[in-house]
Amino acid sequence: MVRRVAVVGAGVSGLAAIKCCREEGLEPTCFERSEDIGGLWRYAERAEEGRASIYRTVFTNSCKEMMCYPDFPFPDDHPNYMHNTKLQEYIWKFAEHFDLLRHIRFKTLVTKIKKRPDFSVTGQWDVVTEKEGKKETEVFDAVMICSGHHVYPNFPAASFPGIQKFKGCYFHSREYKEPEKFRGKNVLVIGLGNSGCDIAVELSTVASQVYLSSRSGSWVMSRVWEDGYPWDMKIVTRFQTWLETILPRALSDWLYVKRMNWPFKHENFGLMPVDGTLRKEPVFNDDLPSRIACGVVVVKPNVKEFRETSVLFQDGTVQEDVDVVIFATGYSFCYPFMEDDSIIKSRDNTITLYKSILPPQLEKPTLAVIGLVQSLGAIIPTSELQCRWAVKVFQGKWKGTSWANDLAFPSSDVVRNYQYGTSNTLQMDYITYMDELATAIGAKPNLPKLLLTDPRLALEIFFGPCTPYQFRLTGPGKWSGARRAILTQWDRTLR
């Protein structure tokens, strides 16, 4: 019987894991290698080994109503999109409110996780940790890996011809913190993701010239959408998801491209994705189009070759006097503490996880990988629902067929590694995935029933934003404030 659960990492997913374990009467022990909670959102002046790193001016891409823990809304005075320090304040309030800190062992590094000799019978794990040079081994009934996937940089510099003879400075965006040291420089940013665009825009205020290179393009969206409301409150709705399923593919693709080209035509800015109909995660940047229009950011195709002080691009153009190159080329997932890395890693940097959570080849379902998904939804509510589902599986209390009865899982259950210039990351529909997990634990809102008993709430759930509160309306973990939170979500947004 599962009782003791090891949680690796005290970021937003790790805190959710602690809380969900406690709700089910389990005993969580969280191991955090740093001295603070928050994971990715805890800013540090320099990149630290083994943990995520952000630059000083990072803001959230999801608004506060869409990215909160489902039974803990953001304070009314918080802006819709938050600076990392503001989000870190919220994370601390959440941890203190639910008394989670006492379950965390700070400055404790997990060095090894391995099956016990009797794993096929007990499902137990040996977890080896190190603190201040002292190693300790403990036995746990289950493990939840919440260490994130923005830790190990994907740095393909060696694959660019001529990089060895380039006399300028080059580094991964993980090392970038603030723009001042690049004043007056000519800077090339490689990668059209969120980090690449943010850094290019920020550098354009101090650099002599910024070049932004991409080989596949990307949709660029503004956080501020129709009528000035947050983009995700207007787009991530059950109605939109339903519309996607009933429309012919050709019409759906046309409407998608038309919507993504609002308010500017990407082709005219050199940003058009190679496959414009692919539902790839867009980039969120309010300033990039105007920076391009002002000429302080110049969009370039992929790099063909580096020279001593210049760069040759795929279209044959050459840019002279390049001083700095920043590789905003994403991250690779890695779990160095797993003794048997075949459990959550396979060939070609691709792993298979049932429901994007459980390694299917385990004899006992007692290991969960939390947060290794990508969709239009925010990570906090996604990982929180993953934790609730995983804990139910640990205890054998979920509604569904046997998790390991067949290895032929749907393609949506395959998680792929971040690779430079590709779209191999897991892309799934947020609401479909959340409903799938919620159904299995009895937490999906019953719309037909609500339409009869509470039509106002039903209409808001279907036509309004799919805010996290929906998954605490009913079932295990039901929160009494969920209905009111849903019906007042637009008020908080305006406030």
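Name the residue, out of P289, P365, P360, that is in contact with a Gly (Cβ under 9 Å, 6 or more places away or on another chain) and either assigned to a loop (DSSP other than H, G, I, E, B) or closer than 20 Å to C197 by Cβ (or both).
P365
Give S375, S356 a once-over and let me know the one that is small (G, A, S), more than 11 Å from M434 (Cα to Cα) and at pLDDT below 90.
On the way: S375 fails: more than 11 Å from M434 (Cα to Cα).
Going through S375, S356 in turn, just one is small (G, A, S), more than 11 Å from M434 (Cα to Cα) and at pLDDT below 90: S356.
Could you tell me which of the residues V2, V7 is in a strand (DSSP E or B) and not small (G, A, S)?
V7
Identify, by number, the condition in (1) at pLDDT below 95; (2) of a type in the set (D, E); (3) within 22 Å of K392 (Cβ to Cβ) that E27 doesn't meet.
Single failed check for E27: (1).
Among the residues of region 48-66, count how many are within 18 Å of H150 (Cα to Cα) and within 19 Å of the chain's Cα centre (by Cα).
Here the count works out to 13.
Tell me which residues, restricted to region 71-88, are surrounded by 15 or more Cβ atoms within 10 Å (Cβ to Cβ) and either more than 19 Å from R56 (Cα to Cα) or within 19 Å of the chain's Cα centre (by Cα) (or both). Give the steps one after another, and end with the answer.
In the first step, residues of region 71-88 are kept if they are surrounded by 15 or more Cβ atoms within 10 Å (Cβ to Cβ); the result is 71-74, 78, 80-84, 86-88.
Of everything in region 71-88, those that are surrounded by 15 or more Cβ atoms within 10 Å (Cβ to Cβ) and either more than 19 Å from R56 (Cα to Cα) or within 19 Å of the chain's Cα centre (by Cα) (or both) turn out to be D71, F72, P73, F74, N80, Y81, M82, H83, N84, K86, L87, Q88.
Under 6 Å between Cβ atoms, at least 6 apart or on separate chains: pull out the pairs that start in region 160-176 with a residue that is more than 27 Å from T57 (Cβ to Cβ) and end on any residue that is outside any helix (DSSP H, G or I) and not hydrophobic (A, V, I, L, M, F, W, C).
Every condition considered, the pairs that remain are P161/E305; G162/E305; G162/R307; K165/E308; K167/E308; K167/T309.
Considering each residue of region 251-286, count those that are among the acidic types (D, E), assigned by the TED database to the domain that holds I199 and either loosely packed, with under 15 Cβ neighbours inside 10 Å or not in a loop (DSSP other than H, G, I, E, B) (or both), and give that number. Before you say what the answer is, go through the steps one by one.
Narrowing region 251-286 to residues among the acidic types (D, E): 253, 267, 275, 281, 286.
Cutting the leftovers down to assigned by the TED database to the domain that holds I199 gives us 267, 275, 281, 286.
Adding the requirement that they be either loosely packed, with under 15 Cβ neighbours inside 10 Å or not in a loop (DSSP other than H, G, I, E, B) (or both) leaves 267, 275, 286.
Final tally of qualifying residues: 3.
To keep it simple, each residue is scored yes or no on (1) more than 21 Å from P359 (Cβ to Cβ); (2) of a type in the set (D, E, K, R).
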| site | (1), (2) |
| --- | --- |
| R116 | no, yes |
| Q124 | no, no |
| V127 | no, no |
| K134 | yes, yes |
| T137 | yes, no |
| D141 | no, yes |
| C146 | no, no |
| V151 | no, no |
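Is it the case that region 23-46 has a residue that's under 20 Å from Y176 (Cβ atoms) and either in contact with a Cys (Cβ under 6 Å, 6 or more places away or on another chain) or of a type in the set (V, I, T) (or both)?
No, the conditions are met nowhere in region 23-46.
Would you mind listing the strands (runs of 3 or more DSSP E) fully within region 133-234 where at least 3 residues are open to solvent by less than 20 Å² (accessible area, probe 1.4 Å)?
142-145, 186-190, 209-213
The values are calculated or read from the model by the stated rules, or taken from the named source; none is laboratory data. Computed from a predicted structure; not experimentally measured. Every residue, glycine as well, gets a Cβ built from its backbone with ideal geometry; the counts of neighbours run over all protein chains shown. Just so you know, the surface numbers come from the protein's heavy atoms only, side chains and all, with ligands and any DNA or RNA stripped out. Shrake-Rupley method; radii C 1.70, N 1.55, O 1.52, S 1.80 Å.
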